[in-house]
Every structure is written in C-alpha cells, then in structure tokens.
Amino acid sequence: MDDQFILKVTNISKAYPGVQALKTVTLGVRPAEILALVGENGAGKSTLIQVLAGAVQPDEGAIMLDGKEVRFNHPHEAEAAGISVVYQELSLVNNLSIAENIFAGRQPRGAVGLMDVGAMQRAAQAMFDQFEVGFRPNDRVSMLSLGNQQLVEIMKAMSRQAKVLVLDEPTSSLSLSEANLLFARLRQLKQQGITIVYVSHHLEEVMAITDRVAVLRDGELVGVVNTADTNEHQIVGMMVGRELDDANLVAGADVKKDSERLRVEGFSRKGVFENVTFSAYAGEVVTFFGLVGAGRTELARCIVGMDVATAGTVSVKGGAPTRPSHPADAMHLGLAYLSEDRKREGLYLDKTVKENFLVTNLRRVAPSGWLQWDAVQKLTRHYVHALDVKTPSLDQRLRNLSGGNQQKVLLGMWLATEPDVLIVDEPTRGIDVGTKQEIHRILRHLASQGKAIVVISSDLPETLAISDRIIIMRKGQIVGTLSHREASQERIMQFAAGVAQKEA
C-alpha cells in the first residue's frame, strides 16, 4: 500500500537525445529507512536523483510525498518540501566560512532583520559536535581537505531539516574514520525518523548501512531486496546482468630492474611531502596507498608539473634528472597524469568526445599548424573503440556520458599521447563495479605492453587486485613498500595508520 511510503515515484520516465535514461520506474521509500540505490554508470541513478531534487522534469510519471502528489519545478521547491540532495560534486564557496556555507541563503536573523552571526555560529558548532570534528565556525572552507569539505556538504543538507536525505556517493572523498563517523550519524538520523536514500558503488557500505537495496539497470528498476536477505555477489549480478570474471586480471608480476621507466629522487614540497624516492618499472603497476592527508595526490601533481616541488628530481627512461615546472614539460618527458578530479581538471564536459581528444593531442593532429579534423576523427575513433567507450557518436557532449565512460575518454586522451609512464589518481572513484573491472583490466593490459603504471588509490580491494607493488604513504613520507605477495588489507592499514614500522 502507498501509505507505507514517505516518498514514492510511479512510472517515472525520462529520455535525452539518443538515450532513454529512465523507463517507467516505480519505487517507494519507507519512513525512517536507509534505502540503497545502486546500478552501473548509465543505469539511471543520477537522473532519478535529479528528478527527486527538482533539477530535471520527468517526461512521464508522478512523485508522491507524504501521500500527496507533488511536482518540483526547481530544487528550491524540493528542499522546501523536505527532500534534500547532496551531490558527489561539491558546491561550496571556498572563500566563505564553514558556517556561512552551511547556512547560505538561510542565515538566522535578529529582531531588526540583520544576520545573527552568533546564532549561526552556535548552530554550526552544534553540528560540528555531533559529527565529532574539530572545525570552527569561522574557518574558511578552502582550509579543509576534500574529505572534510564533503562532510560540510552533508551538514549543509542536514541543516535544512529534511524529511528525505539523498546522498550521492557520500564517502567518495572520505577517509575510513570519516566514513565511520558519517555512518554513525546516519544511524542517528534514522532513529530520529529521517529517511535516507543512499547512492553508492561501494557495496560493502551498502551491506553495512542500509535496510533495503534498489537496483537499476539500463534505466529500469530490476528489483528491490532486503539487505539482510542478500549479499554483494547477488547485487552485482542484478546490476550487471552477467557474471564478473577476474580470471584475466593478474597482478604480482616480476619486473626487470634494468627496465626502469620512472625515477623520482628526493622529492619534496615544503609542508606537504618530504624526501620521496621511488622507481616504477616497465610492465608493472605500482600503487600508492594512504589515508587522507598522506600527500599522494600532491606528490603526483608535482611529478607532472601541475604544482612545483621544492626539492628533488624526476627522470624518465634513464634520461637526465629534471624537475617539471609545467604539465607540458612532463608530457614531453613521456609522462601522463589522470587527475582524481576528472570533471574539474581532466575533462571539458561541455565539449564533444572528439574535442576532448584534441586537447591533449594538438601537436599530433596539427603537425604543421593546421588542424586536420580527419586525423582527430581517426585518433578518437581508435581509442573509443579500443576502450569500448559507449557513446552515440564522437560528437556527443561529454556531459551526457556516464561517469565510467567519461573516465575511459580521459584515459584514451592521455594514451593517445603515447606516454612511457601513466599516473592515474583514483581511477575508479564513482564508477560502477562492471566498469571498474574494465578499467582494472585496461591498466593491467597497458602494463603488459611495457608501460609503467602508477596508481593512487584509496580503495583497498582495488589496491590488492591490480598492484605488483604497493607503496604506503603517511604524513607526506613513504612508510612502507610491499610486494603483491606480501600485501594484505591488515598489513597495508598497519603502515597507513602508523602502527607498523617504516620499511625500505
């Protein structure tokens, strides 16, 4: 019966040019439950979230809230009705304080209509206390790590007194301790009567925190199951409609020490990381693991010249030691870097697939200064086919592709530069399990072709699955190096958490 649901969508459909994003989806959410919404990239999760948020209007169907039909023409209307959505992409203003971000547009007012700064700060501090974080209301958002900024986004949504809280990949930038604090807070909210829709690719989180799991595939609802009555294997089967096979994913290669492709020596950036030295060899995948604040991404950005190191050198294929001061320097050396923030730093979402390939390969397709569009078309088609990018055409705007296919485009853009060393930061963050396995296989295949692959990952199962060697960083320093055979989740975490002693 409908009265058992606080929120229900009935026969919701939405089509875009060339894509049927949602097909007659009917789904109800019960009061004070945590419902997981899972599915591969392109399954329709984001579109359904946008419909609930009032950001997208469905072509057909109805939304019921508290037993009454509602229609949202703008996100403000959904928020006013009690539906609050936290998207994976942050929407904070860096130069404002945390309190000002949490209560943006809703600042407490005094008797004469002036903003009551004291009341706003007290309300913010109460939320900080609940989350057990050491923030101060006047701290600037720009001072926070990406993980802590995600927590502020969640507090911002919770401050709206939502009846239904929708979280889109809420732990994608959180450390293990931050994620556990979030889970504890979500359980408290559930006890207080708040309904939560939890969107995540991390099935271990889904199994730990949710009551039911709704699975979408190709825009349709495949089914809804009680979390207690299912397991990760069954959920994956519902998501992908096929069995996943890791038989071709082989890590633990023995590499030749005379095949050094990358040498980083004494690399430092004051206050961020210190005296980092390592090598990467042809045919291997070496993965950097560490908790938030370990300095892994900052190290990678300095290696490729996006940020400037204060000491140390980089050499590629035995070449002269140097210190790149610009990404063009790194590209000339044979280095390629895929940023963890692909939507802000890696891709041009409003440009087409073909135009994105042009960005990293201009010299190749315009050797004499004149752009050869036939060459762009041929180059793009080759990598789109090789990486199995699902797109209606090469002229499709990247914004309209799923997150997994966007990641494949980014990978193809840089592979087209024919690098000797590929540095990939969080290659499968926000990507479904099926596409994640495809990315893993692509990285292993590239290693088998003689490239050196350097991965930065916060995903322990991923790290163990793809790595020949694992380098663990903590507080800006390398604290341990483990071979594939030596590594386990417990051993890696001992180093990352500072329990194990430093190893060479």
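Some observations on this one:
- Against the numbered list (1) under 13 Å from Arg212 (Cβ atoms); (2) assigned to a loop (DSSP other than H, G, I, E, B), Ala36 comes up short only at (2).
- Only listed residue being assigned to a helix (DSSP H, G or I), over 21 Å from Glu345 (Cα atoms) and at pLDDT below 90, chosen from Gln406, Gln494: Gln494
- Members of the stretch 39-71 found to be of a type in the set (Lys, Arg) and assigned to a strand (DSSP E or B), listed by number: Lys68
- Hey, Thr463 in contact with a Phe, Trp or Tyr (Cβ under 8 Å, 6 or more places away or on another chain), surrounded by 20 or more Cβ atoms within 10 Å (Cβ to Cβ) and either of a type in the set (Asp, Glu) or closer than 28 Å to Leu37 by Cβ (or both) or not: yes
- Residues that are surrounded by 17 or more Cβ atoms within 10 Å (Cβ to Cβ), of a type in the set (Gly, Ala, Ser) and farther than 20 Å from Gly271 by Cα, drawn from the stretch 303-343: Ser315, Ala330, Gly334, Ala336, Ser339
- When Asn361, Asn275 are screened for being buried (at least 16 other Cβ atoms within 10 Å of the Cβ) and in contact (Cβ under 8 Å) with a residue 24 or more places away in the chain, only Asn361 passes.
- For the stretch 415-488, the strands (runs of 3 or more DSSP E) that sit wholly inside it and include 2 or more residues that are closer than 23 Å to Leu379 by Cα are 421-425, 452-456.
- Considering the stretch 130-163, and only residues there that are of a type in the set (A, V, I, L, M) and farther than 21 Å from Leu186 by Cα, the residue that is modelled with the highest pLDDT turns out to be Val141.
Residues are listed down the side, and each one gets a yes or a no for (1) surrounded by fewer than 17 Cβ atoms within 10 Å (Cβ to Cβ); (2) touching a residue at least 24 places away in the same chain (Cβ under 8 Å); (3) touching a helix residue (DSSP H, G or I) at 6+ places or on another chain (Cβ under 6 Å); (4) outside any helix (DSSP H, G or I):
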| position | (1), (2), (3), (4) |
| --- | --- |
| Asn73 | yes, no, no, yes |
| Ala80 | yes, no, no, no |
| Pro137 | no, yes, yes, yes |
| Asn148 | no, yes, no, no |
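A quick yes/no check of all residues on (1) touching a strand residue (DSSP E or B) at 6+ places or on another chain (Cβ under 8 Å); (2) over 28 Å from Met331 (Cα atoms):
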position: Pro427; (1), (2): yes, no
position: Glu438; (1), (2): no, no
position: Ile442; (1), (2): no, no
position: Gln449; (1), (2): no, no
position: Leu460; (1), (2): yes, yes
position: Met473; (1), (2): yes, no
position: Ile492; (1), (2): yes, yes
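- Take the conditions (1) surrounded by 13 or more Cβ atoms within 10 Å (Cβ to Cβ); (2) touching a strand residue (DSSP E or B) at 6+ places or on another chain (Cβ under 7 Å); (3) not acidic (Asp, Glu); Val117 misses just one of them, which is (2).
- Comparison of Ile470, Ile453, Ile478 shows that the only residue that is farther than 30 Å from Gln406 by Cα, among the hydrophobic types (A, V, I, L, M, F, W, C) and modelled with pLDDT of 90 or more is Ile478.
- Residue match in the stretch 94-113 (condition: of a type in the set (D, E, K, R), more than 24 Å from Arg185 (Cα to Cα) and either at pLDDT below 95 or part of a helix (DSSP H, G or I) (or both)): yes
- The one condition in (1) of a type in the set (S, T, N, Q); (2) in contact (Cβ under 8 Å) with a residue 60 or more places away in the chain; (3) over 30 Å from Asp307 (Cβ atoms) that Ser339 fails to fulfil: (3)
- Residue identified as out of contact with any strand residue (DSSP E or B) (no Cβ under 6 Å at 6 or more places or on another chain) and within 21 Å of Met306 (Cα to Cα) among Leu349, Leu387, Leu371: Leu349
- Annotation note: of Met155, Met127, the sole residue that is touching a residue at least 40 places away in the same chain (Cβ under 8 Å) and buried (at least 17 other Cβ atoms within 10 Å of the Cβ) is Met155.
- Subset of the stretch 445-459 [out of contact with any Gly (no Cβ under 6 Å at 6 or more places or on another chain) and crowded, with 20+ Cβ neighbours inside 10 Å]: Lys451, Ala452, Ile453, Val454, Val455, Ile456, Ser457, Ser458
- Out of Val304, Val353, Val314, Val308, sole residue that is touching a helix residue (DSSP H, G or I) at 6+ places or on another chain (Cβ under 9 Å), β-branched (Val, Ile, Thr) and outside the structural domain of Gly266 (by TED's automatic domain parsing): Val353
- Members of the stretch 58-71 found to be without any contact (Cβ under 8 Å) to a residue 60 or more places away in the chain and more than 20 Å from Val199 (Cβ to Cβ), listed by number: Asp59, Glu60, Ala62, Lys68, Glu69, Val70, Arg71
The values are calculated or read from the model by the stated rules, or taken from the named source; none is laboratory data. These numbers come from a predicted model, not from an experiment. Virtual Cβ from ideal backbone geometry, glycine too; neighbours counted across all protein chains shown.
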